[in-house]
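I have placed the structure first, in the form of structure tokens, so that the comments after it can refer back to it.
Taken together, the values in this text are just the output of simple stated rules run on the coordinates, not laboratory data. Keep in mind it's a predicted model, so treat the numbers as computed, not measured. Note that each Cβ is placed from the backbone with ideal geometry, even for glycine, and that neighbours are counted across all protein chains shown.
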Amino acid sequence: MTGPTVTLLIADDDEVTRSGLRTLLAAQPGITVVGEAADGVEAVERARILRPDVLLMDVRMPRLNGIEATRQLVAEAAGPPKVVVITTFENDGYVTAALSAGASGFVLKRLPVRRIAEAVRVVAAGEAVLFPAALGRMVAPRPLGSAEALPRAALTGREEEVLRLMATGLSNPEIAESLTVSLQTVKTHVGNVLTKLAAQNRTHAVVIAYESGLVVPGFAG
């Protein structure tokens, strides 16, 4: 692999899992594991000191869970790490809360290590890691009339279309190809969507889209 090395911090309260992830991910090209944390408090402290590019964060941890740890890190102005939530179950309700708090994506612990490593690299490069089918099962849709529903009137028709394609897991270049528009145009639309929805990142925007009912599980674009 070419390109810069991604520095990674691993936070998991299970020592065997944490040690295994460290050993396996450290052996992957382009990734340097700079440290470990056994709970959310330690994850925040270690992230502030080590300043990793990416934090692989378990959500169910003692003292401070991954949701609050993510929220604390994202709220800091001094370049917080990208957070990738790692979980055992596809229906883990904690994951969507972490995504809403600012995590850039999630991976399942049962995935092959090469796929977890690829997720770390993708997030470090500024993209999101989505598993649309799994995310659709996690998110509980809310009535469209609720205060938390997507303010559809605020989005243009094209912006809604871009958001739907984001929810299928497409990258910006893939959306550009699908809509036959320039990459810069897509980036502008994505930026507008994030601003109008007050979303932390594109993953959070997709969570909002599912919760509002704009995107439903099984949507294929």
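General remarks:
- Using the Karplus relation 6.51 cos²θ - 1.76 cosθ + 1.60 with θ = phi - 60°, the per-residue 3J(HN,Hα) values for region 26-35 come to 5, 7, 7, x, x, 10, 10, 7, 9, x Hz, with x marking Gly and Pro.
- Region 6-129: C-alpha gyration tensor shape, a/c 1.5 cut-off, then a/b vs b/c: rounded
- Taking the average, over residues, of other Cβ atoms within 10 Å as the packing measure, peptides 204-211, 155-162 rank 204-211, 155-162 from highest down.
- Relative protection proxy for 49-58, 30-39, 105-114, from highest mean packing down: 49-58, 30-39, 105-114 (other beta-carbon atoms within 10 angstrom).
- Set of lysines near Lys196 by C-alpha distance (under 30 Å), chain-local residues within fewer than 8 positions excluded: Lys82, Lys187
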